[in-house]
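These notes concern the structure reproduced below.
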Amino acid sequence: MKVLVIGSGGREHALVWKLRQSRKVDKIFCAPGNAGIGQIARCVSIQPDNFKAIGDFAHRNKIGLIVVGPEDPLANGIVDDLRRRRLKVFGPNKKAARIESSKVFSKEFMRKYHIPTSPFKVFDSAAEAIGFCNSVEYPIVIKADGLAAGKGVVVVKSRQQAEEVIHRMMTRKAFGKAGNKILIESFLTGQEVSILALTDGKTIIPMISSQDHKQALDGDRGPNTGGMGAYSPTDFIDDEMMEMINDHILQRTLAGFNEEGISYKGILYAGLMLTAHGPKVLEFNCRFGDPETQVVLPLLKTDLADLMLAVVNQKLASVGKLDWHPGAAACVVMASRGYPSKYATGVQISGLTGKHENSSYIFHAGTARKDNRWVTAGGRVLGVMGMDKDLRSALNRAYRLVHKIKFDGAQYRKDIGFRATKPVEG
Ligand code: GLY
């Protein structure tokens, strides 16, 4: 089977890398991909928003499966478009993708279907939102309704900061239409985990847990980023907790979609807070997490192409249980100086040559080839993954590889995995 992956980041590199291991897949394309992905797949220069060109390419090349990585094309209806052209696509349709593309829809959905989440209020007027902020206990969380490239969620510590954030989102329209409505919700405390679940609209199967590190600096300090590293599995999700997550969150979400007449086929990403009162949903996303994918997929033993086809063909029930490699995986993101704010590109990278095996791998997020050299081409540049018998050994593998890679201004966190409840020894 020929597969086409849509997207160009570290997540898409991990998807391509894993799908290549499938006996079902004999050729893999990525649109547009990046220079690192180009080492293991054929990159085609079609942008993810060009649905027509993607459909034409898929027909011309007899693509058996299209996998959509990022949220923007999903929110804009790529799946509806390609399915109309009788192509097989892994990913939710536009209506289903609203679980991520509208935070207001998502929270109201959770309220309607009794899915545990924090209390919230919706505002479409800056003055009313600011008025409400006079009578709340801080911290609070302010979220723009629409997609804002990971920047639309702010933890706010004071009345003054709330006013500034509300004006930025609603008055100055920092995120355009995404800030026409905002949500103000209570701040939750506990361990944050990510659960990626496969669903074909009838059955939902959670994958193993992972934990992302969103802040730029060690100790979870500094600005929020797209994710500076991750590890899997997390040791605070035991069977009992997973059962609770499945019963109270995943099954209710699937039932809710069906009640709304929405057929969800793809990955449902549940960002959860494990609070003293049980697991609560912080956010849902309609796609694989980045960098969570870079640690969950290496541990997956079940054939990913089989799973994706089972989703597309609504045969997930026949898969039963997923198989996992024992041990752990860790990913350290190497970013450009200045990320998540302004950063330079075109900076030469050394240390990327050399062969690595399945137990360590460099996923490229933002790289390019220039004059036969590797250069940076994004904020997040690389996701360096190590996999081993336990978390410490996996981290050692990842960091050993990180230390060999050099580029001017490279920044990365030194403490990936620090929240693991069992001490990360070594
Ligand atoms: N790692 C966070 C996300 O993918 O949204």
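Mind telling me which of HIS277, HIS13, HIS325 comes out most flexible in a GNM of the chain, alpha-carbon contacts under 10 Å?
Result for the chain, Cα springs under 10 Å: HIS277 fluctuates most.
Write down, largest first, the equivalent ellipsoid semi-axes of the stretch 141-229 in whole Å, where each equals the square root of 5 times an eigenvalue of the alpha-carbon gyration tensor.
After scaling each eigenvalue by five and taking roots: 27, 19, 12 Å.
Put +1 on the Cβ of each Lys and Arg and -1 on the Cβ of each Asp and Glu in the chain; which of MET1, ILE262, ALA162 then has its Cα farthest toward the positive end of the dipole?
MET1
Within the chain, what is the longest stretch that has no GluC sites (Glu not before Pro) placed in a DSSP loop and near at most 16 other beta-carbon atoms within 10 Å?
1-136
GNM, the chain, Cα, under 10 Å: largest mean-square fluctuation among GLN411, GLN211, GLN294?
GLN411
By its C-alpha gyration tensor, with a ≥ b ≥ c as the square roots of the eigenvalues, how is the stretch 89-131 shaped: rounded for a/c under 1.5, else prolate for a/b larger than b/c, else oblate?
Oblate, because a/c is 1.5 or more while a/b does not exceed b/c.
Over the chain, what is the relative contact order in whole percent, taking alpha-carbon pairs under 8 Å and six or more residues apart? Intermediate values should be presented prior to the final figure.
On the way: 990 pairs, mean separation 69.6, N = 426.
Relative contact order of the chain: 16 percent.
Show the residues, 5+ positions off or on another chain, whose built amide H is closer than 5 Å to the amide H of TRP324.
LYS301
Mind jotting down the distance between the C-alpha centroids of the stretch 315-350 and the stretch 351-409, whole Å?
Using only Cα atoms to place each centre, the spacing works out to 10 Å.
Using the Cα centre as the reference, give the magnitude of the dipole from point charges on the C-beta atoms of the stretch 1-40 (Lys, Arg: +1; Asp, Glu: -1; all else neutral), rounded to the nearest 20 debye. Before the final figure, lay out each step's value.
Values: 7 positive and 2 negative charges, 40 e Å.
Around 200 debye, computed over the stretch 1-40.
Go through HIS325, LEU304, VAL281 and say which Cα lies farthest out towards the positive end of the charge dipole of the stretch 276-329; charges sit on Cβ, +1 for Lys and Arg, -1 for Asp and Glu.
Of the listed residues, the answer is VAL281.
How large is the dipole of the chain about the Cα centre if only Lys and Arg carry +1 and Asp and Glu carry -1, each at its Cβ, rounded to the nearest 20 debye?
Computed about the Cα centre, the dipole is about 1500 debye.
Charges only on Cβ, +1 for Lys and Arg, -1 for Asp and Glu: so what's the dipole of the stretch 196-354 about the Cα centre, in debye to the nearest 20?
I would put it at about 560 debye.
Just to be sure I understand: with springs between alpha-carbon atoms less than 10 Å apart, which residue in LEU198, LEU74, LEU300 has the highest mean-square fluctuation in the Gaussian network model of the chain?
LEU300
Quick check on my link table: of LYS27/LYS404; LYS24/LYS202; LYS2/LYS52; LYS112/LYS143; LYS52/LYS321; LYS24/LYS151, which ones sit more than 28 Å apart, alpha carbon to alpha carbon?
Flagged as over cut-off: LYS27/LYS404; LYS52/LYS321; LYS24/LYS151.
Go through LEU74, ILE63, PHE123 and say which Cα lies farthest out towards the positive end of the charge dipole of the stretch 62-134; charges sit on Cβ, +1 for Lys and Arg, -1 for Asp and Glu.
Selected residue: ILE63.
Determine the shape class of the stretch 53-162: with a ≥ b ≥ c the square roots of the Cα gyration tensor eigenvalues, call it rounded for a/c under 1.5, and otherwise prolate if a/b is greater than b/c, oblate otherwise.
Cα axes put the stretch 53-162 in the prolate bin.
Using Cβ contacts closer than 10 Å as the measure, can you line up ASP26, ASP303, ASP72 from fewest to most?
Ordered from fewest to most neighbouring Cβ atoms within 10 Å, ASP26, ASP303, ASP72 come out as ASP26, ASP72, ASP303.
To make sure I understand the rule: partners must be aspartates and glutamates, Cα under 16 Å from the Cα of LYS62, and not fewer than 8 residues away in the same chain. Which ones qualify?
List returned: ASP26.
So which aspartates and glutamates pass the test for LYS181, namely a Cα distance under 12 Å, with those fewer than 8 places away in the same chain ruled out?
Correct list for LYS181: ASP124, GLU128, ASP145.
Taken together, the values in this text are just the output of simple stated rules run on the coordinates, not laboratory data. None of the values given here were measured: they were computed from a predicted structure. Don't worry about glycine lacking a Cβ; one is built from the backbone with ideal geometry, like all the others, and counts go over all protein chains shown.
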